[in-house]
Each structure stands twice: as structure tokens, then as C-alpha cells.
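As C-alpha cells, the structure follows; a few thoughts come after it.
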Amino acid sequence: MLQQRPPNRVAAGAALIMVALFGMAAAAQGKDVTINGGWMTPTEYRTLPDGQRGAYVTGVVEGWFHAPAFGAPERNTNRVVQCLGGLKPGQMMQAVDLYVTANPAERDKTMNFLVYNALSDLCASRKP
């Protein structure tokens with residue numbers, strides 16, 4: 001049975017990419033994984049209004065939070081929840097926006113990879 005944590009405020013319909021967490025969970029254990037590309041390019045992402053960019057990023061993160069329901073070990077998702085759980089969608093969106101702007105060489109990747117990279121960097125910079 002699923003246990004629900006307190007709901008976060010989030011725009012509905014943005015949870016498109018749960019695959020990234022499975023890769024993150026396996027990568028944390030040093031395993032090779034295949035992560036499928038997403039549907040959104042950085043060019044498409046940058047054309048969205050703030051609210052839609054925030055909903056997209058939040059949907060990716062909520063997918064990570066929900067990944068244990070699909071078999072991802074909770075011990076591997078706890079670090080994501082601990083790092084990102086207290087942030088507001090706008091803060092996460094800002095980190096992704098800055099990452100996309102600062103890394104033009106990665107524009108050939110889809111946004112699910114870039115969101116992961118951006119928020120991984122954010123979490124690494126927030127370690128105590």
C-alpha cells in the first residue's frame with residue numbers, strides 16, 4: 001500500500017519523467033543504467049512561461065519522490081527528498097534555468113537530463 005506524504009503545491013499534469021530517478025538510484029549504487037530521452041528540448045523549455053517551466057521541473061521532482069512506488073529503493077530517494085523537499089517550485093526552476101543558460105554545450109540533451117544535472121549540482125552545493 002502506498003503511503004502519502006503531505007502534498008506539495010504543484011501544477012497538475014507535469015509528472016512526465018520518472019525514469020530519471022531509476023537512473024539516479026542505480027547510479028548511486030554504481031550500476032550501469034539506461035535512461036530514456038525525454039520529450040522536451042532546452043529550446044522548447046526556454047520558450048515556456050515561468051508557470052509552465054516551474055510545473056515541468058516540479059513534475060520531474062515529484063516523479064522522483066514517487067519512484068519508490070515503482071520499485072526504486074527509498075534509501076536512494078531519501079537524498080532527493082531531503083535536498084529538494086523544502087524548496088519551492090520557483091527555486092528549483094531558477095536553478096534549472098541557470099544551468100541551461102550556463103551549459104550551452106549540453107543543449108543537445110533532453111530536459112530530463114538537464115533537470116537532473118541542475119538539481120544534482122544544487123544539492124551538492126547545499127550539503128552541510
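Each value in this text was obtained by applying a stated rule to the coordinates, not by laboratory testing. Quick caveat: nothing in here was measured; it's all calculated off a predicted structure. Cβ placement follows ideal geometry from the backbone for every residue including glycine, while neighbour counts extend to all protein chains displayed.
Protection proxy ranking of 94-100, 39-45, by the mean of other Cβ atoms within 10 Å over each peptide's residues and highest first, is 94-100, 39-45. Relative protection proxy for 60-69, 80-89, 110-119, from highest mean packing down: 110-119, 60-69, 80-89 (other beta-carbon atoms within 10 angstrom).
Neighbours of GLN82 by Cβ distance under 11 Å: Lys/Arg scored +1, Asp/Glu scored -1, total +3.
Compactness of the range 19-125, taken as the C-alpha radius of gyration over 2.2 N^0.38 Å, stands at 1.01.
Remark: the range 40-54, residue by residue, has Karplus-estimated 3J(HN,Hα) of 9, 8, x, 5, 5, 4, 5, 7, 6, x, 3, x, 6, 5, x Hz, where x stands for each Gly or Pro and the curve is 6.51 cos²θ - 1.76 cosθ + 1.60 at θ = phi - 60°. The phi torsions of the range 99-116, fed into the Karplus equation with coefficients 6.51, -1.76 and 1.60 and a -60° offset, translate into couplings of 5, 4, 5, 7, 10, x, 5, 9, 6, 7, 8, 7, 5, 4, 5, 5, 4, 4 Hz, rounded to whole numbers, with Gly and Pro shown as x.
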